[in-house]
Amino acid sequence: MHQTFIIAEVGVNHNGDLVKANQLIDAAVDVGADAVKFQTAIPELVVTKSAQKANYQQMTSGPNESQLDMIRKIHFPLEVYASLKESCDQKGITFFSSAFDMVSLAYLEELGQSYHKVPSGEITNLPYLREIGHFEKPVFLSTGMATMDEIGAAINVLEQAGLKRSNITVFHCNTEYPTPMVDVNLRAMQTIATTFDVGVGYSDHTEGIEVAIAAVALGACAIEKHLTLSHDLLGPDHKTSLEPVQFRKMVAAIRNTEQAL
């Protein structure tokens, strides 16, 4: 029976706290996720001093701090990810992280992660995609705000760099946090699958668990959903994440859906 690859997206929900990061790894193991995914960046390489925070970030983190100040607080130095990978290895869950700059990407590859995840904001970053393609490892490609032409171009660049199309999973994704149900457009995932002959998944920013379950029923081979220890924590993504009890219910429902299919 086909089993959906379920990714617990920790992202930056550790708030720069290593204790919380390890608690989130434990939670991901406990709820039955297949993988834990973080986000890796050198803030000064990806955010300008004048960048403003998005509206949802202003509402869920300090309103008077800049985008750069926020990013600095919630990202670990590169060397911390080695200890996070070691913790995941010891606990029997897959570790990987999205890189937001070329230095972080090189570090994660050197660390030996099994997958690479292209965040939506990098889908038109062709030098970045070429570098990932050279690694010839399975890639998850998020498509938030991308046109079909941009998705096709990204797939072509990855292939030209040496990655087999069979190793590309394209994530349908909406970058609104939270995503209103009316804007999910879930069948776009199937359009992507048939247009580009690729495996597809869903990167879910809706509230609740039903859209992720529906995506599996419509053919998703992977689901990515944010995990938090508490919705009450200060930080940009906690409000649109699942707490462990909810995440466990989602995993159980997905496994039941697989059996029903």
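The values are calculated or read from the model by the stated rules, or taken from the named source; none is laboratory data. In this text the structure is predicted, and so the values were computed from the model without any measurement. Positions of Cβ are backbone-derived with ideal geometry, glycine not excepted, and every protein chain shown enters the neighbour counts. Ligands, DNA and RNA are stripped out before the accessible areas are found, and what is left, the full protein with its side chains, is counted by its heavy atoms. Shrake-Rupley method; radii C 1.70, N 1.55, O 1.52, S 1.80 Å.
Looking at LYS249, is it assigned to a helix (DSSP H, G or I) and modelled with pLDDT under 95? Considered against the rule, which asks whether it is assigned to a helix (DSSP H, G or I) and modelled with pLDDT under 95, LYS249 comes out as no.
Of everything in region 124-143 that is within 24 Å of HIS205 (Cα to Cα) and touching a helix residue (DSSP H, G or I) at 6+ places or on another chain (Cβ under 7 Å), the residue that is most open to solvent (accessible area, probe 1.4 Å) is THR124.
If you check ALA146, ALA154, ALA212, which single one turns out to be over 30 Å from LEU78 (Cβ atoms) and either touching a strand residue (DSSP E or B) at 6+ places or on another chain (Cβ under 7 Å) or buried (at least 19 other Cβ atoms within 10 Å of the Cβ) (or both)?
The match here is ALA212.
Scanning region 189-199 turns up no residue that is in contact (Cβ under 8 Å) with a residue 60 or more places away in the chain and closer than 21 Å to ALA35 by Cα.
The rows are residues; the columns are (1) of a type outside the set (A, V, I, L, M); (2) closer than 24 Å to VAL251 by Cα; (3) touching a Ser or Thr at 6+ places or on another chain (Cβ under 6 Å).
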site: LYS137; (1), (2), (3): yes, no, no
site: ASN156; (1), (2), (3): yes, no, no
site: GLU159; (1), (2), (3): yes, no, no
site: LYS164; (1), (2), (3): yes, no, no
site: PRO180; (1), (2), (3): yes, yes, no
site: ASP183; (1), (2), (3): yes, yes, no
site: MET189; (1), (2), (3): no, yes, no
site: THR195; (1), (2), (3): yes, no, no
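For region 230-246, residues that are at pLDDT 95 or above, among the hydrophobic types (A, V, I, L, M, F, W, C) and over 17 Å from the mean Cα position of the chain (by Cα) total 1.
Among the residues making up region 107-123, those that are within 17 Å of the chain's Cα centre (by Cα) and either open to solvent by 60 Å² or more (accessible area, probe 1.4 Å) or aromatic (Phe, Trp, Tyr) (or both) are SER114, TYR115, GLY121. For region 1-106, the helices (runs of 4 or more DSSP H) that sit wholly inside it and include 1 or more residues that are open to solvent by 30 Å² or more (accessible area, probe 1.4 Å) and at pLDDT below 90 are 43-46, 55-60, 67-74.
Let's see how each residue does on (1) aromatic (Phe, Trp, Tyr); (2) over 24 Å from ILE192 (Cα atoms):
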| site | (1), (2) |
| --- | --- |
| THR94 | no, yes |
| SER104 | no, yes |
| TYR107 | yes, yes |
| LEU111 | no, yes |
| ASN125 | no, no |
| GLU131 | no, no |
| PHE140 | yes, no |
